[in-house]
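Derivation of every value follows stated rules applied to the coordinates shown; laboratory data play no part. Only a predicted model underlies this, so the values are computations on that prediction, with no experimental measurement involved. Cβ placement follows ideal geometry from the backbone for every residue including glycine, while neighbour counts extend to all protein chains displayed.
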Amino acid sequence: MFRAVGYYGGISSIWKPQSTYAPTVTKNRFNPYNYYNPYSSLDSLKNKVTSALKDTRERFAELGSKADQLTSNKAGNVFDKRVVDTGGSTALTGTAVDKTTAAIYKVGVTQVAVAQQNKGTQMQSSTTAATAGFAIQKNVFALNINGKTHTLTTDVGNSDTTKTTLQKMATSINEANTGITAKVVDTTSGGVTKSQIVLTANKTGTDNIFTINDVQGNLVANSGANIKTTSAQDAKYTVDGTAVTGQSNTVSLNGGKISLTLKAVTTEDVTVKVGQDTTAIKKAINDLVTVYNKTVNTLKDNQDVVKSSLSQSVIGAVKENRLNLEDIGIDLRADGSLAVDADKLSEALTDHPDRVKRTIGDYGGFAYKEGQLAKGVSSMPLTSLTSAATLGSDSGTQNWMIQQQLNSYQMNANPLLYYSLTNSSGMFYNGYF
């Protein structure tokens with residue numbers, strides 16, 4: 001019985017008896033050449049090899065992704081993230097940009113900024129405008145805000161109800177973009193629905209006080225739109241004992257790198273701490289350890305297919321930093337897996353945050369090395385990931401044919417990488433894969 005092996009690009013086919021490709025197989029040893037035996041399953045072999053390589057690639061891709069989150073020279077890494085801690089106070093919140101210098105502030109709030117609001121008279125919604133007392137004509141009114149007067153018009157007709165009249169007025173105000181937002185609010189009680197117009201300044205502070213009055217007609221007076229129900233006021237607060245008055249509830253510190261939002265008056269100063277996001281760092285470290293352990297297990301499960309040097313490299317990156325990792329609560333176990341001591345890690349992040357960063361994320365650290373390794377694996381051709389036991393220790397046609405099958409899988413899994421590694425004159429193939 002004969003099998004054919006060919007090569008696109010002009011190389012002639014090679015015909016050899018099948019017996020030529022049947023090496024002696026050691027008992028209990030995985031040998032891909034078994035598929036030349038008519039009683040073995042090529043599909044089983046192919047599935048085993050490709051599944052192992054696929055799992056390995058995917059695991060290293062995940063390992064690299066988790067490592068990047070902790071690598072200090074990567075943009076957006078968790079060591080650069082900053083949080084604003086107000087010690088549980090709800091009177092203010094805050095944010096800080098990445099890499100902001102750690103700092104502590106004492107902030108007291110005596111008054112929060114408020115926007116002016118006018119609420120009109122509640123009027124029965126379905127009543128006709130005329131019955132409700134509105135002038136049936138073109139109504140003209142003036143809005144004054146920030147020293148600027150806006151003259152607006154609203155036509156009120158015989159068919160309008162109280163609600164449609166108020167809606168027209170609100171539309172006139174909103175379309176003028178005056179810095180005031182108007183809306184009509186309905187309330188129902190005892191089966192009767194009433195409508196009222198509500199005007200609110202878009203910004204807080206006394207600079208945004210507004211007035212509204214009729215110029216022609218009685219739309220403002222009859223609707224009650226000029227009734228002020230909430231007065232504008234400025235924010236008043238102290239930062240480290242220095243009194244400040246502001247138009248808004250946003251407080252900018254450290255050249256704008258820190259932003260606080262005032263929510264309520266405080267009875268005493270609130271201690272505001274700006275520093276690393278230790279919660280995010282702990283989560284990222286635990287995530288990396290979890291994926292590291294999965295990677296170690298995947299390599300063990302596929303050790304008859306994948307090169308043992310990969311497992312040695314993954315664990316080796318930990319062994320090189322073993323003592324430093326133990327100091328921050330990450331222990332290497334006998335089977336090569338890692339365990340995190342949550343209390344010890346928290347203590348290290350509180351007392352020695354720079355040590356944690358050096359051990360994990362800086363050049364030569366745990367995450368840095370695992371990330372570099374993962375990057376290297378992702379760029380390797382599949383045959384470079386495969387153990388000698390899989391490809392066979394024999395050289396010649398048998399080994400050559402197995403490698404071409406892996407090349408074929410490589411081409412389908414990652415054609416761009418494959419073609420960058422393969423001679424442009426053609427592609428190996430055979431009838432078995």
Excluding residue 174 itself, calculate the net charge of residues whose Cβ lies under 12 Å from the Cβ of residue 174, where each Lys or Arg counts +1 and each Asp or Glu counts -1. +1
Taking residue 294 as the anchor, which aspartates and glutamates have their alpha carbon closer than 19 Å to its alpha carbon, excluding any fewer than eight residues away along the same chain? 55, 58, 62, 68, 304, 331, 335, 341, 370
Can you list residues from other chains, or at least 5 along the same chain, whose modelled amide H is less than 5 Å from the amide H of residue 111? 236
Between the range 185-204 and the range 325-353, the Cα center-to-center distance that results, in Å: 58
Hey, could you grab the Kirkwood Rh for the range 117-230? Inverse mean 1/r over distinct alpha carbon pairs, Å, one decimal. 14.0
For the residue pair residue 135 and residue 155, what label-to-label distance in nm results when each label sits 7 Å from Cα along the Cα-to-beta-carbon direction? 1.7
Among the lysines, select those whose C-alpha is under 16 Å from the C-alpha of residue 283, and discard any that sit fewer than 8 residues away in the same chain. 66, 81, 344, 357
Calculated from backbone phi, Karplus (6.51, -1.76, 1.60) coupling profile of the range 111-124 in Hz, x at Gly/Pro: 7, 9, 6, 9, 8, 5, 9, 10, 10, x, 6, 6, 10, 4
For the range 56-69, take each phi angle, set θ = phi - 60°, evaluate the Karplus expression 6.51 cos²θ - 1.76 cosθ + 1.60, and give the result in whole Hz per residue in order, putting x for glycine and proline. 5, 4, 5, 5, 5, 5, 5, 4, x, 5, 5, 5, 4, 5
Centre separation in Å (Cα based) which lies between the range 241-261 and the range 104-159: 31
Note the full-extension length gain between residue 297 and residue 187 as 0.36 nm times their separation in residues minus their Cα-Cα distance, in nm to one decimal. 33.2 nm
If the chain between residue 280 and residue 352 were fully stretched, how many nm would it gain, using 0.36 nm times the residue separation less the Cα-Cα distance? 24.3 nm
Give me 105, 363, 292 ranked fewest to most by other Cβ atoms within 10 Å of their Cβ, as a rough exposure proxy. 363, 105, 292
How many nm is it between the label spots at residue 148 and residue 343, if each spot is 7 Å from the Cα in line with the beta carbon? 6.3
Filtered pair list for the range 117-230 (Lys only, Cα < 13 Å, 8 or more apart or interchain) has a length of 6
